[in-house]
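The structure appears below as structure tokens.
Throughout, read-outs are computed from the coordinates displayed, never taken from laboratory work. In this text the structure is predicted, and so the values were computed from the model without any measurement. Every residue, glycine as well, gets a Cβ built from its backbone with ideal geometry; the counts of neighbours run over all protein chains shown.
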Amino acid sequence: MIYAANFKTNHTRQSTREYLGKLQAKLLLELNPNDKIYIFPPLTALDEYSSSDFTVGVQNAYPVEKGAFTGEVGLEQLAEFNINTILIGHSERRDILGESQEQIAKKFAFFKEQGFKIIYCIGESLEIREQGIESVMEHLISQFDGIDTTYENFMVAYEPIWAIGTGRTASVEEITQTHNELKKVVDRPLLYGGSVKGANIAQISAIENVNGVLVGGASLNPESFLELVLH
Ligand code: 13P
């Protein structure tokens, strides 16, 4: 299983260091060698963390090496911290920050070119979910426009928007059906995200085409994230 923690706009450099220290102490002894851990702290929390037990990536970056892009961070800045893992296409970036599919596809192409590991996020609104699986799949497939799904170093995170931060997880049936359909379209590891927590990880991780989880709220303290990872 893959366990990915998306801190979003939470934690500082100091609290991230403390968090990773706690994680490391426990993972060193108890991590299943088949499991893989990714941590996505905010950009200001990047530092020289090194561990064979987890990989630190970024939640976003601009698709450029360096240049005049006020407020953005490019390859040069990521390289300082040996970052080569990135989240692309999160619904919060699409919906709150206004990233278009075209911009997302450019970002994907750029970081693919650099050989980054990409966790590519897709997901539908409640309105679309209520129209049924055909509408859901049509929407999810449209989020692969311009994306090279043959890239060997990427994974997909399916995160229904209505399940993010709401405490309302998609049902086992919904996740099973959606992941089965997605697997036909893109044969890469599939993560589920949306209110994953200690209480539902056993059920979710047991679903056949769920290869991992992308966790927001329940990843914010090391104890609750470890509860997931070591369930
Ligand atoms: P929650 O786990 O808080 O629902 O967030 C999911 C998410 O958006 C991870 O990227």
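Binning the alpha carbon pair distances of region 111-225 at 10 angstrom intervals from zero yields the distribution 14, 47, 32, 8, expressed in whole percent.
Taking 0.36 nm per residue of sequence separation and removing the Cα-Cα distance, the Glu223/Ala199 pair yields an extension gain of 7.3 nm. Neighbours of Lys66, meaning other residues whose beta-carbon lies under 14 angstrom from its beta-carbon, give a summed charge of -4 when Lys and Arg score +1 and Asp and Glu score -1.
A simple packing score, the average count of other Cβ atoms within 10 Å per residue, orders the peptides 164-170, 208-214 as 208-214, 164-170, with the highest score first. Take every Cα pair under 8 Å whose residues are at least 6 apart in sequence, average their separation, divide by the length of the chain, and the relative contact order is 20 percent. Mind checking Rg over Rh on region 150-198, alpha carbons, Kirkwood formula for Rh? My calculation puts Rg/Rh at 1.00. With R₀ fixed at 30 Å, the C-beta to C-beta distance from Glu127 to Asp35 puts the FRET efficiency at about 0.25. Relative to the current alpha-carbon distance between Lys22 and His231, full extension at 0.36 nm per residue lengthens the span by 73.6 nm.
Placing pseudo-labels 7 Å out from each Cα toward the beta carbon at Ala206 and Glu113 gives an inter-label distance of 4.6 nm. Cβ-Cβ distance of Asp47 and Ala68, R₀ of 22 Å, FRET efficiency by 1/(1 + (r/R0)^6): the value works out to about 0.25.
Based solely on its DSSP helices, what 222 nm [θ] is calculated for the chain when runs of n ≥ 4 H residues each add -39,500 (n - 2.57) and the sum is averaged over all residues, nearest 500 deg cm²/dmol? Spell out each step's value before the answer.
On the way: 9 runs with 82 residues, N = 231.
Taking each H run of at least 4 residues, the total per residue is -10000 deg cm²/dmol.
State whether the chain is rounded, prolate or oblate according to the following rule on the C-alpha gyration tensor (a ≥ b ≥ c being the square roots of its eigenvalues): a/c under 1.5 gives rounded; otherwise a/b larger than b/c gives prolate, and the remaining case gives oblate. Show your work: numbers first, answer last.
Values: a/c = 1.65, a/b = 1.09, b/c = 1.51.
Oblate, because a/c is 1.5 or more while a/b does not exceed b/c.
Quick one: net charge of Glu92's neighbours, Cβ under 11 Å, K/R +1, D/E -1?
Within the 11 Å Cβ shell, the charges total 0.
What list do you get for Ser205, Ser52, Ser219 if you sort them by fewest beta carbons within 10 Å? Could the numbers behind the result be given before it?
Values: Ser205 17, Ser52 9, Ser219 27.
By the 10 Å Cβ count, ascending: Ser52, Ser205, Ser219.
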